[in-house]
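Accompanying notes for the structure given below.
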Amino acid sequence: MRAEFTVNGAKRLLDVNPNETLLQVLRNGGFTEVKSGCQEGECGACLVLLEGKPVNSCQVLAMSVGEKRITTVKGIGSLHAPHILQKTFARMGADQCGFCSPGMVVAAYSLLKKNPKPTREEIASALDGNLCRCTGYVKIVDAVARAAEELAKEGGEPHV
Amino acid sequence: MSKYVNTSVEKVDGLALVTGEEYYTNDFTFDGMLHISVLHSPYPYAVIEEIDDSGAKAMEGVVEVLSFKNVREILYTTAGQGYPEPSPYDTVLFGKVMRFVGDNVCAVAAETKEIADLALKKIKVRYKQLKPLLDFEASEGSPTIVHDKDGSFPKIPVFHDPAKNIAAKVEADIGQFDNALEHSEHRLDHTFYVPYASHCAMEPHGAVSYLDRRGRLVISSTTQVPFHVRRIVSAVAEIPVSKIRVIKPRIGGGFGGKQEVLLEPIVALVTWRTKRPAKLVYSRKEVFVSTRTRHQYRTRFRAGFNRDGSIEALHLDALENSGAYGSHALTVLANAGSKTLPLLNKIPNLRFTGKGVYTNLPVGGAYRGYGATESYFGYGQVIDMICEETHNDIVEYYKKWSIKSGETSPIFRALGEGKEGVAMNVTSTSLNECLDLGARLSGWYEKRKQHAHSAASDERFRRGIGMAALMQGSAIPEIDMASAYMKMNDDGSFNLLVGATDLGTGSDTVLAQIASEVLDTPVEKIIVTSSDTDHTPFDKGAYASSTTYLSGHAVKKCAEEIKRQILVVGADILELPVGELEIEDGRVVKKNPGRNEEVPAVSLAEICQSSLYQKRQAQIQATASHVSPKSPPPFAAHFVEVEVDTATGVIKLLNYVATVDCGTPINPTLAEGQAQGAIVNGISYALFEDYHFSPQGILLNDTFGKYGMLTACDIPPITVKLVASYEESGPFGAKSVSEININGALPAIANAFHHATGKRLFRAPFTPEYVLSVLEGKKERRSPR
């Protein structure tokens, strides 16, 4: 069956079975930027925003989402119009294999929306649900801290 | 003065990665694609008497079932290594004998993944269970023989004795060990254990395949070794190499775990037989159990030394749990000696003995550090013990006794990878600078004094500081080859085609930087295509800390030939001798022009246009290959300060400092990232990573949650400083950096623990339970857990 979902601001009809997770439905619908690392809610690679709140999409039944707004990493910024977070991630080496990056960016974005001037501890705490084996997290926390500074300089709130 | 190397340029794929644009294996979907699920053995050791797949085949949507009934049992090794591989040929894709819980029984291809999973439940397998061998220390000569007359054999002339469960044996003997030990003033003899571990790359293993419009098989997979995949799939699936194309798209981390050819032959067979696209992606649990792991090790060190601390004799005896198959058994074992013993190269009497033994447990394989991590745990503590007993400061000790530029170690020749090694002199090292800087940044001398009385105190929280010095290698000398191809485009840009495999390490970027440096052209003008067996030249793949050093050298040679051709065309246009020209900022210019002379110059775009369309028409293009005559070691010094809670047994890391000599860091930010990632992986391996098995050989902690991973909240302050040296044999002075830094946490933390408590940790991981047992002075339990 098909159902309507609001993804990154656009309404989309996606194939869905009643027992499928939001992760499966999004990926089958072409939103491959949402990564599948464990399907057990433990790695954070599939993190998306649901009505602005971060959720592991592998832990959400797609049919339960209804009309709630879904935001993937591409809804935060794109290759041609990257968000400051994405620019700092790329510039500062916070991305190695990049598999955790979409989830990391979503988690960081969600943090900066609530708390535009986080401490390093607050950044680490916001990324606590996102695993990364490549970076040792050092450059990821650095990049989020830098993005927060740059956003503050611009006087802008993170936007969607 | 370099412009494009030793510069932290942004990764060429950086923005595409962080915006989710890049495709990984599992992101590819094709019309009519079949989904594959694999049935794994529930028993550690069993013979399949019968597989009844009729129930599965009768299900709507099931298209193909693969098992020994319809797939020829061809012996091979899953290790993606140079050919002929030094790992024994002891594995078949689908066999009748199940050798560990997680071994392949059969595979089902169906219209959906759901149907494939359901079909697995309809397959009836009758097993005859055999008594399993689950203790690697009891393996050699056990009545349970893991590979009992199964025809397994070594592809190269090396020791392999499956009747005694020996997968690999490596030995080296230098000087007169026994005699020297006997006549030493002091002696020590200690045994250390390190456990299994999973690579935990965030992306699970996967492969997808289809037939192209001319009927050739195309495989995209999560591989570190696309060319080895092509060769091995050809052999195992019985498809000619000419009919196979292997592509590595983006890959979500490897760390050695994807240097194995596991899933590709399965998708290949399904597609080849059904003519339909097919995909197989492992679940996280399957990655933990059925792919590859770090080998469990026991290392025993015996040393004889003098009152001044000089070591007369050192024997490292290593016992490796190869698991059910011998993938990388021999080479990891050899590296357990060859990457540690040369560090203190003035020991006159050295012995290395090692065996890799089969068990009915998950299979070891390549894992960042590759044997060095396993043996540095004991090596680094033994040096600390000797320093303590002889009242030497360990930092000064390493400065005095470690291998220096211009020096060699007999181990380099004695321990190769399946054959004799390669004698070489170390020609670059900044280890002494690393030691000094690390000592300064960590407050080594102050903290050694400050915590000097921790061990004797009865405080609950006790602090200590410890350190370890390390080395690794850069590529496998005189075995592995890398190559590159470049061509020039109308606008002065270049295509750089390399077989090299970027796992997220940033090698596409590093290789582009090397070409940029030669051609004095911005990185944006170097268009990198990598890891496609149809379109890029051969590269052995990403392993052995080799891509920057080896593939980078091939790129440098290739770019130099391109430069030569450019200067010839430039000379023609400018009517000047080639020798008077240089490339500068994307133009060919006259070197050292006169003071008032207008500098004769022609742009690279004009040069390419001329050669494509106008004069002496030819494509400016080149290819180059490189094999290294040596494997120059990178060096590092790691310092860690800990606080031990003697009530709970928790070791808290207060500060971690690593100073690293990787030669010239081609991209310092990426090099630091390699070090930081390896350090954190090393810390979690030291503190808690482990495989816990049931008495039936079933892995119990097969999820991230149960296995445990450090998160951003858990990491201590980590300082990484690169201390450059210049390696003449490397591109622009580069050596390697990817593996070495995983080796430091085990010995450095154990030494810091000793400083804090006066006790030694002989077994990793340092769980609170184990730490408490050590603090309470309980007797060691015997392995395995």
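The values are calculated or read from the model by the stated rules, or taken from the named source; none is laboratory data. Predicted, not measured: the structure shown is a model, and the values here were computed from it. Reconstructed Cβ throughout: ideal geometry from the backbone, glycine too, with neighbour counts over all protein chains shown.
Among the residues of the range A:12-43, the ones that are hydroxyl-bearing (S, T, Y) and surrounded by 24 or more Cβ atoms within 10 Å (Cβ to Cβ) come to 1 in all.
One residue stands out among those in the range A:123-156 that are of a type in the set (D, E, K, R) and touching a helix residue (DSSP H, G or I) at 6+ places or on another chain (Cβ under 7 Å): the one that is nearest to A:T88 (Cα to Cα), which is A:R146. Look at (1) of a type outside the set (K, R); (2) without any contact (Cβ under 8 Å) to a residue 40 or more places away in the chain; (3) more than 7 Å from chain B (Cβ to nearest Cβ) and you find that A:S125 fails only one, number (3). Whenever a residue of the range A:81-94 is more than 15 Å from B:D13 (Cβ to Cβ), its partners that are surrounded by fewer than 24 Cβ atoms within 10 Å (Cβ to Cβ) and among the aliphatic types (A, V, I, L, M), lying with C-beta atoms within less than 6 angstrom and at least six residues away or across chains, give the pairs A:I84/A:L151. A:E149 fulfils the conditions (1) farther than 28 Å from B:N681 by Cβ; (2) more than 10 Å from every other protein chain (Cβ to nearest Cβ); (3) at pLDDT 95 or above; (4) crowded, with 16+ Cβ neighbours inside 10 Å except for a single criterion, (4). Between B:V92, B:V62, the distinction of being away from chain A (no Cβ under 14 Å), within 27 Å of A:G37 (Cα to Cα) and either more than 31 Å from the chain's Cα centre (by Cα) or at pLDDT 95 or above (or both) belongs to B:V62 only.
Do we have B:G708 as buried (at least 22 other Cβ atoms within 10 Å of the Cβ), small (G, A, S) and in contact (Cβ under 8 Å) with a residue 12 or more places away in the chain here? Criteria not met by B:G708.
If you check A:A152 against the conditions, is it more than 12 Å from the chain's Cα centre (by Cα) and within 25 Å of B:K721 (Cα to Cα)? No, not satisfied. Quick check on A:G41: is it within 11 Å of chain B (Cβ to nearest Cβ), more than 21 Å from A:S125 (Cα to Cα) and either at pLDDT below 95 or in a loop (DSSP other than H, G, I, E, B) (or both)? Criteria not met by A:G41.
Considering (1) surrounded by 16 or more Cβ atoms within 10 Å (Cβ to Cβ); (2) without any contact (Cβ under 8 Å) to a residue 60 or more places away in the chain, the lone condition that A:T71 does not fulfil carries the number (2).
Could you say whether any residue in the range B:663-673 is more than 23 Å from B:G254 (Cβ to Cβ), modelled with pLDDT of 95 or more and crowded, with 21+ Cβ neighbours inside 10 Å? Within the range B:663-673, one or more residues are more than 23 Å from B:G254 (Cβ to Cβ), modelled with pLDDT of 95 or more and crowded, with 21+ Cβ neighbours inside 10 Å. Looking across the range B:689-705, the residues that are away from every other protein chain (no Cβ under 14 Å) and crowded, with 17+ Cβ neighbours inside 10 Å come down to B:D690, B:Y691, B:F693, B:G697, B:L699. Is it the case that some residue within the range B:441-463 is charged (D, E, K, R), under 19 Å from the mean Cα position of the chain (by Cα) and surrounded by 20 or more Cβ atoms within 10 Å (Cβ to Cβ)? Scanning the range B:441-463, I find no residue that is charged (D, E, K, R), under 19 Å from the mean Cα position of the chain (by Cα) and surrounded by 20 or more Cβ atoms within 10 Å (Cβ to Cβ), so the answer is no. Can you find a residue that is outside any helix (DSSP H, G or I), farther than 21 Å from B:A764 by Cβ and within 14 Å of another protein chain (Cβ to nearest Cβ) anywhere in the range B:666-673? So far as the range B:666-673 goes, yes, one or more of its residues are outside any helix (DSSP H, G or I), farther than 21 Å from B:A764 by Cβ and within 14 Å of another protein chain (Cβ to nearest Cβ). Residue pairs whose Cβ atoms lie under 7 Å apart, separated by 6 or more positions or on different chains, with the first residue in the range A:20-32 and at pLDDT 95 or above and the second part of a helix (DSSP H, G or I) and polar (S, T, N, Q), are A:T21/A:S57; A:L22/A:S57; A:L23/A:S57; A:L26/A:S57. Does A:K139 qualify as being out of contact with any Ser or Thr (no Cβ under 6 Å at 6 or more places or on another chain), away from chain B (no Cβ under 12 Å) and either on the phi > 0 side of the Ramachandran plot or of a type outside the set (G, A, S) (or both)? Here the answer is no, as A:K139 does not meet what is asked. Each residue in the range A:95-122 was checked for being in contact with a Lys or Arg (Cβ under 9 Å, 6 or more places away or on another chain) and either assigned to a helix (DSSP H, G or I) or more than 8 Å from chain B (Cβ to nearest Cβ) (or both), and 4 pass. Please verify whether B:G744 is in contact with a strand residue (DSSP E or B) (Cβ under 6 Å, 6 or more places away or on another chain), crowded, with 21+ Cβ neighbours inside 10 Å and more than 11 Å from every other protein chain (Cβ to nearest Cβ), treating the condition exactly as stated. For B:G744, the condition - in contact with a strand residue (DSSP E or B) (Cβ under 6 Å, 6 or more places away or on another chain), crowded, with 21+ Cβ neighbours inside 10 Å and more than 11 Å from every other protein chain (Cβ to nearest Cβ) - is met. Of all residues in the range B:285-320 being of a type in the set (K, R) and surrounded by fewer than 23 Cβ atoms within 10 Å (Cβ to Cβ), which is farthest from B:S209 (Cα to Cα)? Among those that are of a type in the set (K, R) and surrounded by fewer than 23 Cβ atoms within 10 Å (Cβ to Cβ), it is B:R307. Highlighted here are the strands (runs of 3 or more DSSP E) found entirely within the range B:539-612 that include at least 1 residues which are touching a Pro at 6+ places or on another chain (Cβ under 8 Å): B:587-590.
Looking only at residues in the range B:9-22 that are in a loop (DSSP other than H, G, I, E, B) and facing chain A (nearest Cβ under 7 Å), the one that is nearest to B:A207 (Cα to Cα) is B:E22.
For the residues A:K35, A:K53, the requirement of being within 12 Å of chain B (Cβ to nearest Cβ), in contact (Cβ under 8 Å) with a residue 12 or more places away in the chain and not small (G, A, S) singles out A:K35.
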